[in-house]
1. Go through (1) open to solvent by less than 10 Å² (accessible area, probe 1.4 Å); (2) of a type in the set (S, T, N, Q); (3) over 22 Å from GLY205 (Cβ atoms) for SER45 and report which single condition fails.
2. Given the condition buried (at least 23 other Cβ atoms within 10 Å of the Cβ), in contact with a strand residue (DSSP E or B) (Cβ under 7 Å, 6 or more places away or on another chain) and assigned to a loop (DSSP other than H, G, I, E, B), answer yes or no: does some residue in the stretch 180-200 qualify?
3. Which of the residues that make up the stretch 345-391 are outside any strand (DSSP E or B), touching a residue at least 40 places away in the same chain (Cβ under 8 Å) and either within 15 Å of PHE409 (Cα to Cα) or aromatic (Phe, Trp, Tyr) (or both)?
4. Out of the residues in the stretch 6-40 meeting the condition of being more than 19 Å from ILE70 (Cα to Cα) and among the charged types (D, E, K, R), tell me which one is least open to solvent (accessible area, probe 1.4 Å).
5. If we keep just the residues of the stretch 314-344 that are in a helix (DSSP H, G or I) and open to solvent by 60 Å² or more (accessible area, probe 1.4 Å), which is farthest from PRO404 (Cα to Cα)?
6. All but one of (1) polar (S, T, N, Q); (2) open to solvent by less than 30 Å² (accessible area, probe 1.4 Å); (3) over 30 Å from ARG345 (Cβ atoms) hold for THR63, so report the exception by its number.
7. Taking GLY369 as the residue in question, decide whether it is at pLDDT 95 or above, open to solvent by less than 10 Å² (accessible area, probe 1.4 Å) and more than 20 Å from the chain's Cα centre (by Cα).
8. Can you find a residue in the stretch 203-219 that is part of a helix (DSSP H, G or I), within 22 Å of PRO137 (Cα to Cα) and at pLDDT 95 or above?
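The values are calculated or read from the model by the stated rules, or taken from the named source; none is laboratory data. Note that this is a predicted model, so its numbers are computed, not measured. A quick note on method: Cβ atoms are made from the backbone with ideal geometry, for glycine too, and the neighbour counts reach across all protein chains shown. With ligands, DNA and RNA removed, areas are computed over all heavy atoms of the protein, side chains included. Shrake-Rupley method; radii C 1.70, N 1.55, O 1.52, S 1.80 Å.
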Amino acid sequence: MSPSRAPTAQTLAELKAVVGANGWLEAAADVAPYTVDLRGLFRGSTPLVLLPSELAQVARILTICHREHIAVVPCGGNTGYAGGATPDESNTQIVLAMRRLNRVRHVDPANQSMIVEAGVTLAEAQAAARAVHRLFPLSLGSEGTAQIGGNLSTNAGGTAVLRYGMMRDLVLGLEVVLPDGRVLSALKGLRKDNTGYDIKSLFIGAEGTLGVITAACLKLFAEPADTATAIAGVDSPQAALELLGELRAATGDALVTFELMPRIAVDLTVRYVPGVANPLDLGTPWFILIEVATYHPRQTAATLLAEALQEAAAAGTLRDAAIASSLAQAQAMWKLRESIPEAQRRYGGSLKHDISVALTDIPALIEQGGEIVARLAPEGELVAYGHLGDGNLHFNVSQRPGTPRAAFFERAPALESAVFDLIQSFGGSFSAEHGIGRLKAAELERRTDPVELDLMRAVKRALDPEGLMNPGKVLRSASP
């Protein structure tokens, strides 16, 4: 792979002509939102942001960029945490923003599927499913902004993975423009299709480094007949794990969400986020947000959940629980969970780690991880919360009030290395649901099995031999 070239004035004019007068941005103020990531970790520059509105335009753009050896950075809602949609500092990379490619092409309730374009937001996709009394179950805090193309490119997770799986599990087919402008048309709505390699899976989680996803055929599900939400209090992560097992046995597939929150996260959220309250008067060390969904019209979700929680209380697994008796109460419980990142920002600096381990290892991970934080970052305190039901925790460390901010952030490299070493010792992942992007590319090289890394590079060389698709993200180089 050779370095990409800066686009000439003639090439920029040709690219603008592809998308028309309303399809491009080049003024500094207009392109600025596309040159910095959500967390402000990476700031780049670009000579041009292109806003295609149809498949043919995307194909033509990539054909031109391939011919002229110009790098392309695909961008969705820019809600990622790893800098995967931000151009570098060279001012040579074209940003391809997908927001105008935003049609719901087809909804098939009988087949429980729908075809949507990459720029459709997650909230819009959910609404399209609801309009035909179906459910698209992916659920994220950023669903009003995050786009389907980005969800696919990062293999998004969220709060319903326990029941429905990751984004990869919700895809039947894809439409992708390859780096040379060819179009892969694989929008099949089939659940059984064993005709060779599963090529579409290569592009899910690839963060735009192998091609540009332009549309997807997504799985839909029956709408739940009833849902119920509860907050439970437990004494330890081990007790939380036991409660998860008991609820699974009692509710089966009805269990959709099982989110772990430490006392410090709840206290910070109540203190710093207006309108948030702790529904449990008892100050338990750990809290669980639980949601169940039933599909039989004669089965009441609240009754099913209440009986399961009563059995767990009788067994001594939980200390207290509150079941929402209205939609407003359920929304308040969800706000408590979803406001934790905001509360941490208001509290002070934060060092974030998106990790996963086998469920059985979570109690040991939190205990040993807490010891590492106390030793390597005494200015911080552990705030480990998240998707216990699928083994994914946001292993964050918040700066203690009154401690020097600079000294706290100086702890980041040593702390991250130690935390990732601990995760590796459990056979876990240092990037559970936020992707690699630019942020974790070095860690991928350092910690991935050499054979697996070799195969990744071989795929990159095969599909993008010129190295023009989102360079520097995921794989910094396609060569060993």
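1. (1)
2. Looking for residues that are buried (at least 23 other Cβ atoms within 10 Å of the Cβ), in contact with a strand residue (DSSP E or B) (Cβ under 7 Å, 6 or more places away or on another chain) and assigned to a loop (DSSP other than H, G, I, E, B), one finds none in the stretch 180-200, hence no.
3. Once the filter is applied, which keeps residues that are outside any strand (DSSP E or B), touching a residue at least 40 places away in the same chain (Cβ under 8 Å) and either within 15 Å of PHE409 (Cα to Cα) or aromatic (Phe, Trp, Tyr) (or both), the stretch 345-391 yields TYR347, GLY348, GLY349, LYS352, HIS353, VAL373, LEU376.
4. Filtering the stretch 6-40 for residues more than 19 Å from ILE70 (Cα to Cα) gives 20-22, 27-30, 32-33, 36-40.
Those left that are additionally among the charged types (D, E, K, R): 30, 37, 39.
On the way: ASP30: 76, ASP37: 8, ARG39: 86 Å².
Selected residue: ASP37.
5. So, considering only residues that are in a helix (DSSP H, G or I) and open to solvent by 60 Å² or more (accessible area, probe 1.4 Å), the one farthest from PRO404 (Cα to Cα) is ALA314.
6. Answer for THR63: the failing condition is (2).
7. yes
8. So far as the stretch 203-219 goes, yes, one or more of its residues are part of a helix (DSSP H, G or I), within 22 Å of PRO137 (Cα to Cα) and at pLDDT 95 or above.
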